Amino acid sequence: MKAKPVLLAVVMLALMAGAALLLAHTKSGHKLGAPGVKTRPLAGSGNLEVVLPENIPGYKSEAVPQADIVVGILPKDTSFGQRRYTSLDDGFWMNVNVVLMGTDRSSIHKPQICLTGQGWACDYQATRVEQIPMQQPFPYNLPVNKFVTLPRELKDKDGIKNFRCLYVYWYVDGTHYTADQWKWMSVWIPQDLILHGLLERWSYIACSSYCLPGQEDATFARMKKMIAATVPQFQLVPAKPAGH
């Protein structure tokens with residue numbers, strides 16, 4: 001029985017390696033696909049700015065610059081957009097961060113890299129794929145990865161407390177949306193390159209917030225409402241069928 005998981009792991013690694021080799025060999029002759037998020041040209045740069053909504057009822061928002069370490073590590077043709085939304089009623093906040101690849105898919109990285117670098121550790125028992133009900137542009141379920149960290153001491157206005165980080169993320173290109181990194185990296189990218197000579201431009205969308213231990217469910221409920229309110233304003237997939 002142990003041979004089957006080993007064989008599956010070998011096949012998955014072979015497919016991922018094949019996708020990487022295919023991407024490397026076709027890099028000079030492909031067309032770059034359209035992003036699955038709203039963008040505009042970034043002044044003084046060949047990159048783009050991901051346009052996130054400024055006005056959400058009941059919230060104030062502010063642009064948040066990317067950390068220097070993130071900009072320094074990722075490929076130079078990576079584009080970004082990041083805003084923090086803070087409730088006018090009770091101060092609840094949620095960050096929305098979008099990383100958009102150029103010609104180098106290594107822009108789209110696993111969240112464990114950044115979170116571990118910031119001192120967070122994953123609570124694997126609380127981390128899972130979730131479905132978020134969306135109403136716009138029509139009713140559908142958005143699959144997301146809900147990544148929950150173990151408690152960590154942080155200082156707020158009332159002193160030092162233990163906090164958890166809830167980090168919700170997924171991936172989109174011009175035609176697809178998914179919570180499955182393996183699927184877009186090892187299936188859809190090679191498929192589009194082979195069939196259409198097209199390198200789809202994938203984005204990694206992440207929403208995050210902190211909470212005290214025991215408040216994870218309530219915080220995730222707030223985040224789901226915020227995601228339902230913000231995402232249709234900048235994510236272009238899925239789109240309404242023509243004529244609707």
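Matching residues to (1) surrounded by 14 or more Cβ atoms within 10 Å (Cβ to Cβ); (2) more than 28 Å from Leu199 (Cα to Cα); (3) among the basic types (Lys, Arg):
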position	(1), (2), (3)
Ser106	no, no, no
Lys110	no, no, yes
Cys114	yes, no, no
Gln131	no, no, no
Asn141	no, no, no
Lys146	yes, no, yes
Lys157	no, yes, yes
Asn162	no, yes, no
Val168	yes, no, no
Quick check on this structure: which one of Asp173, Asp192 is touching a Leu at 6+ places or on another chain (Cβ under 7 Å) and charged (D, E, K, R)? Asp192
Which of the residues spanning the stretch 124-160 are in a loop (DSSP other than H, G, I, E, B), touching a residue at least 12 places away in the same chain (Cβ under 8 Å) and more than 25 Å from Trp184 (Cα to Cα)? Leu150, Pro151
Reported set for the stretch 28-55 where residues are surrounded by 19 or more Cβ atoms within 10 Å (Cβ to Cβ) and in a strand (DSSP E or B) is Val37, Thr39, Leu48, Val50
Among Tyr85, Tyr124, which is the only one that is among the aromatic types (Phe, Trp, Tyr), surrounded by fewer than 12 Cβ atoms within 10 Å (Cβ to Cβ) and more than 23 Å from Pro35 (Cα to Cα)? Tyr124
Of everything in the stretch 197-244 that's part of a loop (DSSP other than H, G, I, E, B) and of a type in the set (Lys, Arg), which residue is farthest from Lys183 (Cα to Cα)? Lys240
Kindly indicate whether Val64 is surrounded by fewer than 17 Cβ atoms within 10 Å (Cβ to Cβ) and of a type in the set (A, V, I, L, M). yes
When you scan the stretch 92-105, do you find a residue that is among the polar types (S, T, N, Q) and more than 20 Å from Thr39 (Cβ to Cβ), even just one? no
Would you confirm whether or not the stretch 213-221 contains a residue that is farther than 19 Å from Phe80 by Cβ, crowded, with 19+ Cβ neighbours inside 10 Å, among the aliphatic types (A, V, I, L, M) and touching a strand residue (DSSP E or B) at 6+ places or on another chain (Cβ under 8 Å)? no
Return the total of residues in the stretch 56-87 being out of contact with any strand residue (DSSP E or B) (no Cβ under 6 Å at 6 or more places or on another chain) and in a loop (DSSP other than H, G, I, E, B). 9
I need the full set of residues from the stretch 90-123 which are of a type in the set (Ser, Thr, Tyr) and either touching a residue at least 24 places away in the same chain (Cβ under 8 Å) or in a strand (DSSP E or B) (or both), in order please. Thr103, Ser106, Ser107
Go through (1) on the phi > 0 side of the Ramachandran plot; (2) under 16 Å from the mean Cα position of the chain (by Cα) for Gly197 and report which single condition fails. (2)
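None of the figures in this text is laboratory data; all of them are computed from the coordinates on show. In this text, all values refer to a predicted model and were calculated from it rather than measured experimentally. Here Cβ is always computed from backbone atoms with ideal geometry, including for glycine, and neighbour counts include all displayed protein chains.
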